[in-house]
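The values are calculated or read from the model by the stated rules, or taken from the named source; none is laboratory data. Just so it is clear, the model here is predicted, and its values are computed rather than measured. For neighbour counting, all protein chains shown are included, and Cβ atoms are generated from backbone atoms with ideal geometry for every residue, glycine included. Quick note on the areas: whole protein, heavy atoms, side chains included, nothing else; ligands and nucleic acids left out. Shrake-Rupley method; radii C 1.70, N 1.55, O 1.52, S 1.80 Å.
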Amino acid sequence: MTTTSRRGPGTEPAPKPATSEPPTTDSDAPAARSAAPSVTHSEAPATDNRSRLLLAVLLAALFMAALDVFIVNVAAPAIGSDLHASGADLQLVIAGYTITYSVLLITGARLGDRLGHGRVHLAGLVLFTVASLACGLAQGSTELIVFRLVQGAGSALMIPQVLSLIQRSFTGEARARALGAYSAVLAVGAAAGQVVGGTLVSADLFGAGWRPVFLVNVPVGAVLLVLGPRVLPLGGAGGRERTRALDLPGLVLLGAAVSLLTVPLVLGQEEDWPLWSWLSLAGAAVLFTVFCGYQARLARRGGAPLITPRVLRHPGVGGAVFRILAVMSVNAGFLFALTLHIQGGLGYSALRAGLSFGPTAVVFGAVSLTWRKWPAAWQRALAPAGFTLTAVSVAVVGLALHGGGDGGAVLYAGYAGTGAGLALAFSPTLTGALATVRPEDAADASGLLATVAQLGQLIGVASFGTLFLNRLESFGPLRPYTSAEAFSVCAWALAGTAAVGAVSGLVLRRR
């Protein structure tokens, strides 16, 4: 096995891989222990100090990417006022990042598989950092939209490599801890985006208004670009991975299908759901079907499909796709609708709106980092319990805000419960699924699960955001009471979705 990581002076030899693998968390993954991946690639486990620094660099990049999905939400009013942007422009500023991110994620995973995960991660980091600078300096809404699309493309190159490098650079309990940290950072970044965005906009640093929302990425990206080459494996992929074809027809089919899905979800509400939006959604369903059929045929012929069909056949992966889609939809829909209510209905400042999500982010992070230390007898029940807690907590938030009040202490208990529930629904699901994936399928699995997470966020914002706006319009002029009524309806829909996730988890557990 060839090791491409470079050791600094005085480092100790790499520790021997642990023999124990993380226990499965879902009963639909019975073969997890026997099928858990081992390190057979060039990204070999490094020394303890180097592995900690490697994980810190990877998770910092992941945090930036997750942050940027939501950080613009609370800055939207300031952007619209400063750049004279229309409602459609603001929709594209907010969602353009997620569109290219979700469309290109699996492509980024395959490029990392083919060219080397460390190299592609650094290339994506460069693109993301430069695009962030360009967003912060944009002089018009069109420029900002274009740079947001480029920023999303940079994330699509960076983020699939994070999971792949964790899978290939850590073993046993070290891998389980790294995956727990990955889960925590992924969703805490989403919640923290609201907090950081509100803080930066309200601070109005140097009179820059909304621009620091994007410029904050530049110094962080610069530091990571200095540290990255020192700790990331920069060698190319080896063996089977290096010779796998890129599957360009698969890339085109998948990109077209995801585009046809995401564009109407983003712009449908703004345009009052015209005919083209429904035709686009129907076309997306057709192309997804064609894509799946093409991938299966290519695999049977011995080719290299973009998504290896056997990945979905790994125990736990199919169920994880559904649960991750559900939990990220609820997460994104909850944050988006609540932001609209807090800022629009209650008239709170961007800072107060952002800080409202603090309990959700803190509790999510704490639970994601500690759930593996809980009693082993609880492990397989964590995901269904998380969905159940989410359903109850979101309903509590809706009831607390009912009538147009501020909710009091009960509201913050609901926020904390929502964070805990989302963490329990997401983190064990991700860890249990990845424990079953072979090393040679790690890139496909990471790209698939990351794409599902992004699509879940798009679907959550579009569906629950549309529900909130439609109910608000039907209840009459925007006032605290009417906004609260609209959010209450949305909260019950969110709770129902989480309840479906809980039932699916129990069904899979019995199977």
Checklist outcome for this item: Considering residues that are surrounded by fewer than 17 Cβ atoms within 10 Å (Cβ to Cβ) and under 19 Å from VAL394 (Cα atoms), the number found within segment 470-498 is 3
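Residue by residue, here is whether (1) surrounded by fewer than 24 Cβ atoms within 10 Å (Cβ to Cβ); (2) in contact with a Leu (Cβ under 8 Å, 6 or more places away or on another chain) holds:
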residue	(1), (2)
ALA395	yes, no
GLY404	yes, yes
ALA409	yes, no
ALA413	yes, no
GLY417	yes, yes
GLY421	no, yes
PRO428	no, yes
THR431	no, yes
ARG438	yes, no
Checklist entry - Which of the residues spanning segment 112-127 are surrounded by fewer than 24 Cβ atoms within 10 Å (Cβ to Cβ) and touching a residue at least 60 places away in the same chain (Cβ under 8 Å)? => result ARG114, LEU115, ARG119, LEU122, VAL126
Checklist entry - Here are THR388, THR360: which of them is modelled with pLDDT under 85 and crowded, with 18+ Cβ neighbours inside 10 Å? => result THR360
Next on the checklist: If I filter segment 63-89 down to residues being assigned to a helix (DSSP H, G or I) and without any contact (Cβ under 8 Å) to a residue 60 or more places away in the chain, which single residue comes out as farthest from the chain's Cα centre (by Cα)?
Outcome noted: SER81
Checklist outcome for this item: Restricting attention to segment 219-238, the residues that are modelled with pLDDT of 80 or more and open to solvent by less than 40 Å² (accessible area, probe 1.4 Å) number exactly 6
Next on the checklist: Please count how many residues of segment 239-262 are modelled with pLDDT under 80, open to solvent by 50 Å² or more (accessible area, probe 1.4 Å) and in a helix (DSSP H, G or I).
Outcome noted: 3
Item to check | Selection from segment 288-319 of residues that are on the phi > 0 side of the Ramachandran plot and open to solvent by less than 40 Å² (accessible area, probe 1.4 Å) | outcome: GLY316
Checklist entry - Does ARG352 qualify as being charged (D, E, K, R), open to solvent by 10 Å² or more (accessible area, probe 1.4 Å) and closer than 26 Å to VAL394 by Cβ? => result yes
Checklist outcome for this item: The condition from (1) of a type outside the set (Lys, Arg); (2) under 19 Å from the mean Cα position of the chain (by Cα); (3) not in a helix (DSSP H, G or I) that GLN139 misses is numbered (2)
Checklist entry - Do we find that SER463 is of a type in the set (S, T, N, Q) and either modelled with pLDDT of 85 or more or in a loop (DSSP other than H, G, I, E, B) (or both) in this structure? => result no
Checklist entry - Mind checking whether some residue in segment 344-356 is basic (Lys, Arg) and either touching a Ser or Thr at 6+ places or on another chain (Cβ under 8 Å) or at pLDDT 90 or above (or both)? => result no
